[in-house]
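K.L.:
Supplied in structure tokens, the structure appears directly below.
The values are calculated or read from the model by the stated rules, or taken from the named source; none is laboratory data. What you see is a predicted model, and the numbers here were worked out from it, not measured in a lab. Neighbour counts are summed over all protein chains in view; Cβ atoms, including those assigned to glycine, are modelled from backbone coordinates with ideal geometry. Just so you know, the surface numbers come from the protein's heavy atoms only, side chains and all, with ligands and any DNA or RNA stripped out. Shrake-Rupley method; radii C 1.70, N 1.55, O 1.52, S 1.80 Å.
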Amino acid sequence: MAKYQFTVKNYRCFSDASPARFVISRGMTSLLGVNNSGKSALLKMFQELRNVWGSALGYQGLGGNNVFDAQFVYVLDPAEVFCDMNERPMSIEIEILDEINLSGKNQRPLKKVILTCERQARNSLFWSLTYFDGDTPIPYQAAGVSAAAVQSNVFQLPNQGFLYSLLPIREMFQVLAEALYIGPFRNAITVGAGSHFDLAVGETFINAWNDWQNGPTKSNNRAINMVIENIRNVMGFSQLGITASMQSKTLQLNIDKCSRKIDLEFRAVSVQQFGELSVDGFFCPGDEASPV
């Protein structure tokens, strides 16, 4: 995975005069800042624009105005996602900062893309897409454009002796489209069943844990064992077991020969204060998905 720089303009509290700019690469990325600086908004952006990432990943053209329609996720009024400080469109710029070595002969990677969405009076939200060769935008309409590979990951423009590759940009779109958003929620183990954004809570979570742990799918069984082992290592326990209770109302913990039940004050996501700074959340793209 390469190093990707994001520049976010006119999304919620980030105007085009004061955009959000951050870098995501392999490993863990932490957002640090004073309270009300927009950390939670940035994390929520990955989830609210999930349909946009998926549409951009599947888009087969070379860009243009209003090339696909993608709605925001878990947003009742689209207007609330746009910045209130102006009436200009929202834009998300993604640029690859690393040098990219492609395996194909005579290929040149496109390393920057800008997604733009105009404010609409109706519910439809049409997105424009522009690819860049350096700082030069690829023309929207190029006569004689020909795809040179399966799914148009590689294409050639007229009168050019090399091929453009979209693969590095699309790798990030795929990571974003498949990412999970775990919003702030105090009680993962709570009365009732349901979900909170991408997080199963209450009896839904407990039943899912029990199914993954004791069900017939070996990969799920191994995933739960790995999660328990990772928790044991982080907490420094000698032994740790986590199982669903007989009534599927809570989780039973067996820690170093002591039995515990998770009470209703278990915190699914913790926000710790460090003076004037707070750790608000983490975005961890990687090669393998985790069940929690």
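K.L.:
Any residue at all in the stretch 28-41 that is in contact with an Asp or Glu (Cβ under 7 Å, 6 or more places away or on another chain) and open to solvent by less than 40 Å² (accessible area, probe 1.4 Å)? So that I can check it myself, show each step before the final result.
P.N.:
Taking the stretch 28-41 first, the residues in contact with an Asp or Glu (Cβ under 7 Å, 6 or more places away or on another chain) are 31, 34, 39-40.
Okay, now just the ones that are also open to solvent by less than 40 Å² (accessible area, probe 1.4 Å), so 31, 39.
Within the stretch 28-41, one or more residues are in contact with an Asp or Glu (Cβ under 7 Å, 6 or more places away or on another chain) and open to solvent by less than 40 Å² (accessible area, probe 1.4 Å).
K.L.:
Only residues that are polar (S, T, N, Q) and part of a helix (DSSP H, G or I): list them for the stretch 211-256, please.
P.N.:
Initial filter on the stretch 211-256 (polar (S, T, N, Q)): 213-214, 217, 219-221, 225, 230, 233, 238-239, 243, 245, 247-248, 250, 252, 254.
Across the stretch 211-256, the qualifying residues are 213, 214, 219, 220, 221, 225, 230, 233.
Residues are listed down the side, and each one gets a yes or a no for (1) of a type in the set (D, E, K, R); (2) within 26 Å of residue 44 (Cβ to Cβ); (3) at pLDDT below 70:
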site: 218; (1), (2), (3): yes, no, no
site: 223; (1), (2), (3): no, no, no
site: 227; (1), (2), (3): no, yes, no
site: 237; (1), (2), (3): no, no, no
site: 240; (1), (2), (3): no, no, no
site: 253; (1), (2), (3): no, no, no
site: 263; (1), (2), (3): yes, no, yes
site: 273; (1), (2), (3): no, yes, yes
site: 277; (1), (2), (3): no, yes, yes
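K.L.:
For the stretch 111-143, give me the residue count where each residue is surrounded by 14 or more Cβ atoms within 10 Å (Cβ to Cβ), at pLDDT below 90 and among the aliphatic types (A, V, I, L, M).
P.N.:
The total comes to 3.
K.L.:
I'd like to know if the stretch 186-197 contains one or more residues that are basic (Lys, Arg), open to solvent by 60 Å² or more (accessible area, probe 1.4 Å), at pLDDT below 90 and out of contact with any strand residue (DSSP E or B) (no Cβ under 8 Å at 6 or more places or on another chain).
P.N.:
Our first condition is that a residue be basic (Lys, Arg); within the stretch 186-197, this holds for 186.
Now drop any that are not open to solvent by 60 Å² or more (accessible area, probe 1.4 Å), which leaves 186.
Then drop every residue that is not at pLDDT below 90, which leaves 186.
From what's left, out of contact with any strand residue (DSSP E or B) (no Cβ under 8 Å at 6 or more places or on another chain): 186.
Yes: the stretch 186-197 contains one or more residues that are basic (Lys, Arg), open to solvent by 60 Å² or more (accessible area, probe 1.4 Å), at pLDDT below 90 and out of contact with any strand residue (DSSP E or B) (no Cβ under 8 Å at 6 or more places or on another chain).
K.L.:
If you go through the stretch 164-178 one residue at a time, how many are open to solvent by 30 Å² or more (accessible area, probe 1.4 Å) and charged (D, E, K, R)?
P.N.:
2
K.L.:
May I pose another question? On the given criteria, is residue 95 open to solvent by 30 Å² or more (accessible area, probe 1.4 Å), closer than 16 Å to residue 172 by Cα, touching a residue at least 12 places away in the same chain (Cβ under 8 Å) and not basic (Lys, Arg)? Reasoning before the result, please.
P.N.:
On the way: open to solvent by 30 Å² or more (accessible area, probe 1.4 Å): yes; closer than 16 Å to residue 172 by Cα: yes; touching a residue at least 12 places away in the same chain (Cβ under 8 Å): yes; not basic (Lys, Arg): yes.
For residue 95, the condition - open to solvent by 30 Å² or more (accessible area, probe 1.4 Å), closer than 16 Å to residue 172 by Cα, touching a residue at least 12 places away in the same chain (Cβ under 8 Å) and not basic (Lys, Arg) - is met.
K.L.:
Here is a check on your reading of the model: is residue 101 free of Cβ contacts under 8 Å to residues at least 60 places away in the same chain and either farther than 28 Å from residue 199 by Cα or not aromatic (Phe, Trp, Tyr) (or both)? Reasoning before the result, please.
P.N.:
Working: free of Cβ contacts under 8 Å to residues at least 60 places away in the same chain: yes; either farther than 28 Å from residue 199 by Cα or not aromatic (Phe, Trp, Tyr) (or both): yes.
In short, yes.
K.L.:
How many residues, within the stretch 209-227, are touching a helix residue (DSSP H, G or I) at 6+ places or on another chain (Cβ under 9 Å), loosely packed, with under 14 Cβ neighbours inside 10 Å and hydrophobic (A, V, I, L, M, F, W, C)?
P.N.:
0
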